[in-house]
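Student: Input: one structure, supplied below.
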Amino acid sequence: MSKASSITWEVVADEDALAERAAARIRELVAPAAPPGPLLCLPTGETPKQTYARLVDEARAAPPGTGLHAARLVQLDEWGGLPPGDEATCREFLLRHLVRPAGLPAERLVGFHSQPADPAAECARIAGWLEQSGPIDLCLLGLGVNGHLGLNEPGPALQPRAHVAALADSTRGHTMLRGRDPSALYGLTLGLAEILESRQILLLVSGAAKRPALRALREGVITTQLPASLLHLHARRGVTVLCDAAAWSTG
């Protein structure tokens with residue numbers, strides 16, 4: 001483990017060890033929970049799936065009203081333009097891999113509607129909810145192959161609050177969108193300011209495909225062309241990058 005800027009770097013052997021360590025961090029936060037319970041921000045994708053599986057096992061064994069059962073949950077982002085209930089939506093992913101199997105009520109998960117009549121108004125709704133209910137106690141993140149966080153894509157500028165985002169080409173190729181036409185899709189995402197206001201941030205990075213983006217993050221240069229680089233600015237020095245050896249390797 002080493003530290004630079006606001007980031008603690010933690011390297012583990014493989015995906016299993018990464019999931020176990022991430023679940024332990026979440027367990028530490030939710031174990032002593034008292035009403036209204038800690039607020040967890042949750043991403044989707046392959047990287048956090050094993051972490052969620054471990055949390056499900058623990059939640060099934062926990063007494064009602066304790067641990068994950070006491071937590072509040074908010075989605076990090078959503079694929080705008082997919083019909084509600086589509087298995088590719090981030091909401092359905094989280095319901096399928098965490099909320100339902102853990103025995104949590106679906107309404108515990110607050111997030112974007114995937115096909116809103118007014119996307120900008122939907123983002124304003126989520127931003128307002130977070131302003132009233134936040135800040136986020138632990139924001140769990142994944143690192144995009146292009147360095148994005150949530151659906152905050154690289155560009156000349158970044159928006160601070162929940163907003164509608166144009167998807168990068170690399171993001172349109174995400175495995176969650178297989179079998180869907182991504183050409184008409186857009187992003188609904190929390191903004192970097194909302195992420196950075198989190199008390200703790202845990203960024204999960206797994207696999208060789210993420211190595212270039214992680215290497216750029218490790219260089220410490222802050223640029224909107226690498227949204228993850230803004231994690232170096234976290235005011236509480238509460239950012240941990242948890243990665244496996246395949247992602248960390250310089251080979």
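The values are calculated or read from the model by the stated rules, or taken from the named source; none is laboratory data. Everything numeric here is computed off the predicted structure, so don't read it as measured data. Note that we place each Cβ from the backbone using ideal geometry, even for glycine, and neighbour counts take in every protein chain shown. Note: accessible area is taken over every heavy atom of the protein model, side chains too, but ligands, DNA and RNA are not part of it. Shrake-Rupley method; radii C 1.70, N 1.55, O 1.52, S 1.80 Å.
Student: If we keep just the residues of the stretch 135-149 that are under 11 Å from GLU194 (Cα atoms) and open to solvent by less than 30 Å² (accessible area, probe 1.4 Å), which is farthest from the chain's Cα centre (by Cα)? Explain how you work it out, then say what you get.
Tutor: From the stretch 135-149, those under 11 Å from GLU194 (Cα atoms) are 135-136, 139; that's our starting set.
Now drop any that are not open to solvent by less than 30 Å² (accessible area, probe 1.4 Å), which leaves 136, 139.
Details: ILE136: 12, CYS139: 6 Å.
Only one residue tops the list, namely ILE136.
Student: Starting from the stretch 76-87, take each residue that is touching a residue at least 40 places away in the same chain (Cβ under 8 Å) and more than 27 Å from LEU138 (Cα to Cα) and list its partners that are of a type in the set (Phe, Trp, Tyr) and open to solvent by 30 Å² or more (accessible area, probe 1.4 Å), counting only C-beta distances under 7 angstrom and pairs at least six apart or across chains.
Tutor: Pairs that qualify, where the first residue is touching a residue at least 40 places away in the same chain (Cβ under 8 Å) and more than 27 Å from LEU138 (Cα to Cα) and the partner is of a type in the set (Phe, Trp, Tyr) and open to solvent by 30 Å² or more (accessible area, probe 1.4 Å), are GLY81/TYR186.
Student: Also, quick follow-up: Name every residue in the stretch 157-174 that is among the polar types (S, T, N, Q), open to solvent by 30 Å² or more (accessible area, probe 1.4 Å) and touching a helix residue (DSSP H, G or I) at 6+ places or on another chain (Cβ under 9 Å), in order of residue number.
Tutor: Of the residues in the stretch 157-174, the ones among the polar types (S, T, N, Q) are 159, 170-171.
With open to solvent by 30 Å² or more (accessible area, probe 1.4 Å) added as a condition, the list becomes 159, 170.
Matches in the stretch 157-174: GLN159 only.
Student: Let me ask something else. So ASP118 fits all but one of (1) in contact (Cβ under 8 Å) with a residue 24 or more places away in the chain; (2) open to solvent by 30 Å² or more (accessible area, probe 1.4 Å); what number is the exception?
Tutor: (1)
Student: Just checking, how many residues over the stretch 218-230 are closer than 11 Å to HIS148 by Cα and among the aliphatic types (A, V, I, L, M)?
Tutor: Of the residues in that region, 3 qualify.
Student: It is to be established whether one or more residues within the stretch 202-217 are under 18 Å from the mean Cα position of the chain (by Cα) and more than 17 Å from VAL145 (Cβ to Cβ).
Tutor: Yes, some residue in the stretch 202-217 is under 18 Å from the mean Cα position of the chain (by Cα) and more than 17 Å from VAL145 (Cβ to Cβ).
Student: Quickly run through the stretch 116-147 and pick out the residues that are in a loop (DSSP other than H, G, I, E, B) and either within 15 Å of GLY80 (Cβ to Cβ) or of a type in the set (Phe, Trp, Tyr) (or both).
Tutor: PRO116, ALA117, ASP118
Student: Select from the stretch 179-235 the residues that are touching a residue at least 24 places away in the same chain (Cβ under 8 Å), touching a Ser or Thr at 6+ places or on another chain (Cβ under 8 Å) and polar (S, T, N, Q) and write down the one among them that is nearest to ALA127 (Cα to Cα).
Tutor: So, considering only residues that are touching a residue at least 24 places away in the same chain (Cβ under 8 Å), touching a Ser or Thr at 6+ places or on another chain (Cβ under 8 Å) and polar (S, T, N, Q), the one nearest to ALA127 (Cα to Cα) is GLN200.
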